[in-house]
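Participant: The structure under discussion is supplied below as structure tokens; questions concerning it will follow.
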Amino acid sequence: MKFREKAGTFFANHSLLILLFITIIVRFLFLWHFSPIAQQLWFDSDQGIYNGIALSLSQFSGFRIGGVPTAFVPPLYPFVLAIVYFLFKPNYYMALIIFQLILSLGTVYLIYELGQIIFKSRQIGLLAGYLVVANFSYNFVACFAWMETLYIFMLVLFFYYLCSQIGKIKTFNLKWDLILGTLFGLIILCRSVFLAYLAAFIIGLLYLCKNFYVAISQYLIILAVACLIFMPWIVRNYIVFERFIPVNAEMGYVFYSGNKNLYSSNQDKKLNTLIHTKEFAQADGQLAKEGVKGIFSQPAKLLNNFASKSFSFWGPLGGNISLRHQIAKTLIYLFVFLPSIIYFIYCLLFKGKREYVFFLLLLIVFGLVYPCFMVDDALRYRLPLEILFSIFGAAFYYNLFRVVLKR
């Protein structure tokens, strides 16, 4: 057998292993460049909040930062990170690198499997995996102690299970409902925006189930299980802060930060002194109430904010980032994300697969919710969609190559 044939056979038989190996190589190249910055900013910005809480938990000091109880961020990522830090202490950054790499390998593998499930093509699954590996923003955030990698892994796992078991949706299946409810609850504890997707999920069930009562009963079980997952966190917040906080106490703060023109006065100085104190939860609730009043009293301003933030969320530009990062982000947008969305719309209109309705609901929920709360760049807000919808980008290029080769 010639060398070319042997090489072709080897790559065909070990294509998934090669994909995962390249994932590791690319990640270490990013770490070589960005890890000094990540370690320098260990206790700064969002990374500092997650690290502070995780270190407190790993030392059995509670969900605190600076010794003060907090509910500023969703709890799942700090709890998981705390377990990792406890196992690897005192080599915390090395622990973070290993943890983020495992999550990334899991995400790439699930994207590979998801591509096969939806398009019945191993080649599309592999190409989707390579599109994830090539995503600059995804590799960049994984160098820091940000929660996007866990959130994306959980989101892809949710859609992998949903699509692989889509045939069970028409009949009552308790195991299917319990697993989906558990995944919903865990993802909500990772990102509160998924509460909106849980509310919209009933639309997909009603659309796909022929029996109305089966759809409603399945949804009620999923909803009950999800509530049981995050109910202990709600109880903890009520005991500590004496008020109802569903996931994290920053919804009013984030809405204020992204829509300051709806408020009568600038409250930045006051807010900055209250963050990570017990008084913050009360101030956050007050901001939420004022924000709701601003929505009804100044709808034109709200729509203007929403339009500009929507352009940032769906567009290629935005954010205070370096020129190289902006170029990489724009290339990913033009050659991966945009083709992915266009091909998804084509599949939705002409392919008619049942699972597409759940992808559509996710686009609608994210597109409506995030522009209302975005504070700055859409880099981390849109990243989960870029990763999940890479399977449609892979299908687009795979079919494009086939058309070109036939000619």
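Participant: Give the residues of the stretch 328-340 that are surrounded by 18 or more Cβ atoms within 10 Å (Cβ to Cβ) and either more than 16 Å from VAL132 (Cβ to Cβ) or of a type in the set (A, V, I, L, M, F, W, C) (or both), sorted by residue number.
Facilitator: Selection gives ALA328, ILE332, VAL336, PHE337.
Participant: Consider SER61 carefully, then state whether it is exposed (fewer than 13 other Cβ atoms within 10 Å of the Cβ), out of contact with any Pro (no Cβ under 6 Å at 6 or more places or on another chain) and among the polar types (S, T, N, Q).
Facilitator: yes
Participant: In addition: Which condition does ILE102 not pass, out of (1) at pLDDT 95 or above; (2) under 20 Å from ARG382 (Cα atoms), if it passes all the others?
Facilitator: (2)
Participant: Now for a different question. So which residues in the stretch 29-77 are touching a strand residue (DSSP E or B) at 6+ places or on another chain (Cβ under 8 Å) and hydrophobic (A, V, I, L, M, F, W, C)?
Facilitator: Scanning the stretch 29-77 gives ILE49, ILE53, PHE63, PHE72.
Participant: Quick check on this structure: which one of ARG243, ARG236, ARG191 is surrounded by fewer than 17 Cβ atoms within 10 Å (Cβ to Cβ) and not in a helix (DSSP H, G or I)?
Facilitator: None of the others qualify; the one that does is ARG243.
Participant: Inside the stretch 1-16, can you point out the residues that are surrounded by 10 or more Cβ atoms within 10 Å (Cβ to Cβ) and either of a type in the set (Asp, Glu) or at pLDDT 90 or above (or both)?
Facilitator: Across the stretch 1-16, the qualifying residues are SER15, LEU16.
Participant: So for the stretch 165-179 (the condition being assigned to a helix (DSSP H, G or I), among the hydroxyl-bearing types (Ser, Thr, Tyr) and either over 16 Å from the mean Cα position of the chain (by Cα) or at pLDDT 95 or above (or both)), does at least one residue qualify?
Facilitator: No.
Participant: Turning to a different aspect of this structure: Going through ALA199, ALA215, ALA226 one at a time, which residue ends up being assigned to a helix (DSSP H, G or I), among the hydrophobic types (A, V, I, L, M, F, W, C) and surrounded by fewer than 16 Cβ atoms within 10 Å (Cβ to Cβ)?
Facilitator: Exactly one residue qualifies, and that residue is ALA199.
Participant: Here is a list of conditions, (1) in contact with a Gly (Cβ under 6 Å, 6 or more places away or on another chain); (2) surrounded by 23 or more Cβ atoms within 10 Å (Cβ to Cβ), and GLN116 meets all of them except one; can you say which number that is?
Facilitator: The number of the failed condition is (2).
Participant: Which helices (runs of 4 or more DSSP H) sit wholly inside the stretch 283-366 and have at least 2 residues that are more than 30 Å from PHE30 (Cα to Cα) and at pLDDT 90 or above?
Facilitator: 338-350
Participant: Would you be able to say whether some residue in the stretch 87-98 is at pLDDT 95 or above and under 23 Å from the mean Cα position of the chain (by Cα)?
Facilitator: No - not one qualifying residue is present in the stretch 87-98.
Participant: Any residue in the stretch 96-117 that is over 30 Å from GLY352 (Cα atoms) and not in a helix (DSSP H, G or I)?
Facilitator: So far as the stretch 96-117 goes, no, none of its residues is over 30 Å from GLY352 (Cα atoms) and not in a helix (DSSP H, G or I).
The values are calculated or read from the model by the stated rules, or taken from the named source; none is laboratory data. Bear in mind that the values here come from a model prediction, so they are computed numbers and not experimental data. Glycine also receives a Cβ, built like all others from the backbone with ideal geometry; neighbour counts cover every protein chain displayed.
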